[in-house]
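Asker: What follows is a structure written as structure tokens; I'll ask about it next.
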Amino acid sequence: MVTAGASLEEARELAERALAFHVEGLIDDGEAVPAPTSLKQVVADPVNRELTTIMVPLRTR
């Protein structure tokens, strides 16, 4: 998942919202919620080398 913001804090907040929305959609559709990807796996992917990676918690309602 990729988000962007005017600041790192804004990007983090948008990422948390997007993650929660995505997981809620999976649950609503009766799909399994996948296990989190480790930071090690994320940074090992060459596609992610040009990005700033942050981990965000899943906050559910």
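Asker: What is the list of residues in the stretch 26-61 whose amide nitrogen lies under 19 Å from a point 7 angstrom out from the Cα of residue 13, following Cα to Cβ?
Answerer: The answer is 54-61, whose backbone nitrogens lie closer than 19 Å to the label point.
Asker: Quick one: putting +1 on the C-beta of Lys and Arg, -1 on the C-beta of Asp and Glu, what dipole do you get for the chain around its Cα centre, in Debye to the nearest 20?
Answerer: 220
Asker: Of 44, 20, 35, which has the largest mean-square fluctuation in a 10 Å C-alpha GNM of the chain?
Answerer: Judging by the Gaussian network model, the answer is 35.
Asker: Once label points are set 7 Å from the Cα along Cα→Cβ at both residue 2 and residue 20, what is their separation, rounded to one decimal in nm?
Answerer: Taking the two extended label points, one gets 2.5 nm.
Asker: If you fit an axis through the alpha-carbon atoms of helix 8-28 and take the longest principal axis of the Cα set of the chain, what angle between them do you get, 0 to 90°, nearest 10?
Answerer: Its long axis makes an angle of about 30 degrees.
Every read-out reported here was derived from the displayed coordinates using simple, explicitly stated rules and does not represent laboratory data. As the structure is a computational prediction, the values presented were derived from the model and not from experiment. Reconstructed Cβ throughout: ideal geometry from the backbone, glycine too, with neighbour counts over all protein chains shown.
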